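Dumping the structure here so I can ask a few things about it.
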Amino acid sequence: MKIIGPCAGIGSRLRPFTLSKPKTFIQVAGKTVLEHILNKFSDTFDSDTELILIVGYKKRQISEFVKEKYKNTFKLTFIEQKPRGYNDDIPYFWGLGEAVYLAQQNFNQSEYVNKEEDKREGALIFLADMIPIDDYSYIMYRYFESNVDGIITVMEVPKENANSYGIVTVDEHSIIQQLIEKPETYISNLAIAGIYAFSNSATQALFKNIKKYLDKRTEDSKEIYLTESLQDLVDSGFKIAAVNLKKGILDFGRPSELLNGNKYLLQQESTKKEDFQKNNINIDKSFIRNPVYIGKNSKIINSVIGPYVSIGENSHIENSILENSVIEQEVILKNLISENSIIGNNVRVENISKDNLIIGDKTIY
């Protein structure tokens with residue numbers, strides 16, 4: 001099985017942080033979102049697994065980082081998604097459908113003697129701003145043990161929010177009947193949760209479906225969604241099951257969701273007192289309310305930190321009170337009282353008492 005990871009998008013909902021880095025490079029609980037995703041994959045997939053990353057915006061940052069961290073963990077392939085155009089020097093792309101289609105050159109068109117082999121040679125697709133809380137071993141178990149051609153993970157969302165997601169309807173056996181991108185009228189509360197697994201046969205059919213939409217596009221066309229091609233897959237007779245994630249998914253695509261994801265990850269693993277010395281963390285006249293993450297070579301002076309605060313490496317925080325916030329690397333904060341805030345890399349903030357701060361990289365505030 002090959003893993004496809006579309007990572008080309010600009011992450012407009014996470015501006016201003018994504019002006020200087022890809023959306024999957026936001027740091028939470030001591031790691032980038034992409035690290036959390038790939039580390040989770042490495043628990044289930046072996047080093048012979050091909051990881052195909054579709055890159056575009058900030059492509060060099062992604063490829064160099066992944067090569068350094070994961071060259072011995074996966075067989076790495078990088079494919080560039082070319083921009084559709086530019087707005088004020090910021091690229092925009094043809095969407096998730098095209099990103100997935102670009103991986104087709106790495107898949108062999110073969111007929112397999114049985115369904116098990118067909119599934120083994122299939123594709124797993126993930127989104128670069130979502131992390132399932134369930135282990136991938138559970139997802140792959142549902143994929144291989146069910147008599148289907150593929151699975152799509154789903155999660156239940158409030159009825160009033162259903163029009164913000166790709167939504168599916170299912171029959172009594174959880175086989176998908178309809179997939180609609182952001183429906184105007186309510187049809188279901190089962191939202192697509194960003195993990196797809198398909199047999200090789202279904203993957204090849206999906207590529208052909210996407211190509212039909214790519215071939216029909218004009219300069220005025222909207223971006224190419226994946227949902228329409230998935231509906232075509234269902235309509236052509238492929239059995240695709242909806243797998244409701246038992247534990248849910250962490251969505252890092254918006255600031256409020258990023259803070260929720262940070263909170264969950266810190267509950268699983270946080271910085272302990274015994275980590276201070278080995279990581280050169282200096283805590284002076286301060287109170288640390290776990291769970292928190294404090295990066296290497298950071299100094300906390302006369303402050304109250306936590307709960308649910310991530311602080312990146314080489315940061316200096318003094319005379320401050322912080323709660324439920326993400327603070328990235330090489331930050332200087334003095335006389336700051338804040339909660340529910342996200343502060344980027346290389347930021348300096350002084351003499352402020354304000355909640356819900358959103359401060360991008362390399363800012364003096």
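The values are calculated or read from the model by the stated rules, or taken from the named source; none is laboratory data. Fair warning: this is a prediction, and the values are worked out from it, not measured in the lab. As a convention, Cβ positions derive from the backbone with ideal geometry for all residues, glycine included, and neighbour counts pool all protein chains shown. Only protein heavy atoms, including side chains, enter the accessible area calculation; ligands, DNA and RNA are left aside. Shrake-Rupley method; radii C 1.70, N 1.55, O 1.52, S 1.80 Å.
For the chain, which whole-number percentage of the solvent-accessible area (1.4 Å probe, protein heavy atoms only) is attributable to carbon and sulfur atoms?
On the way: 7180 of 17160 Å².
Carbon-and-sulfur percentage of accessible area, whole number: 42.
Now a separate question. Give me the accessible area per residue for segment 1-145, probe 1.4 Å, as a whole number in Å². Write out the running numbers ahead of the final one.
Details: 6590 Å² over 145 residues.
The answer is 45 Å² per residue.
Restrict the search to segment 71-165; then list the GluC sites (Glu not before Pro) that DSSP places in a loop and that have at most 11 other Cβ atoms within 10 Å of their Cβ. Mind showing how you got there, number by number?
On the way: sites: Glu80, Glu98, Glu111, Glu116, Glu117, Glu121, Glu145, Glu156, Glu160; in loops: Glu111, Glu121.
Here the sparse-neighbourhood loop sites are Glu111.
Send over the Kirkwood Rh of segment 129-236, from the inverse of the averaged 1/r over different Cα pairs, rounded to one decimal Å.
Over segment 129-236, the inverse of the mean reciprocal pair distance is 15.0 Å.
From the convex hull of the Cα coordinates of the chain, what is the mean projected area in square nanometres? Spell out each step's value before the answer.
On the way: hull surface 76.0 nm².
For the chain, averaging the hull's shadow over all directions gives 19.0 nm².
About its Cα centre, how strong a charge dipole does the chain have in debye, to the nearest 20, once Lys and Arg get +1 and Asp and Glu get -1 at the Cβ?
Working: 44 positive and 49 negative charges, 190 e Å.
Charge dipole of the chain: 920 debye, to the nearest 20.
Still on this structure, I have one more. With point charges of +1 on the Cβ of Lys and Arg and -1 on the Cβ of Asp and Glu, referenced to the Cα centre of segment 1-159, which listed residue (Pro83, Tyr138, Thr73) lies farthest in the positive direction of the dipole?
Value computed over the given set: Pro83.
What accessible area per residue, rounded to a whole number of Å², is obtained for segment 165-294 using a probe radius of 1.4 Å?
On the way: 6800 Å² over 130 residues.
That works out to 52 Å² for each residue.
Moving on. Show which lysines lie in cross-link reach of Lys278 when reach means a straight Cα distance below 28 angstrom and same-chain residues fewer than eight apart are skipped.
Lys31, Lys40, Lys67, Lys69, Lys71, Lys263, Lys296, Lys299, Lys334
Give me the base-10 log of I(q)/I(0) for segment 74-157 at each q in 0.15, 0.17, 0.18 Å⁻¹, Debye formula, one uniform scatterer per Cα, rounded to two decimals.
The computed values of log10 I(q)/I(0) come out as -0.80, -0.97, -1.05.
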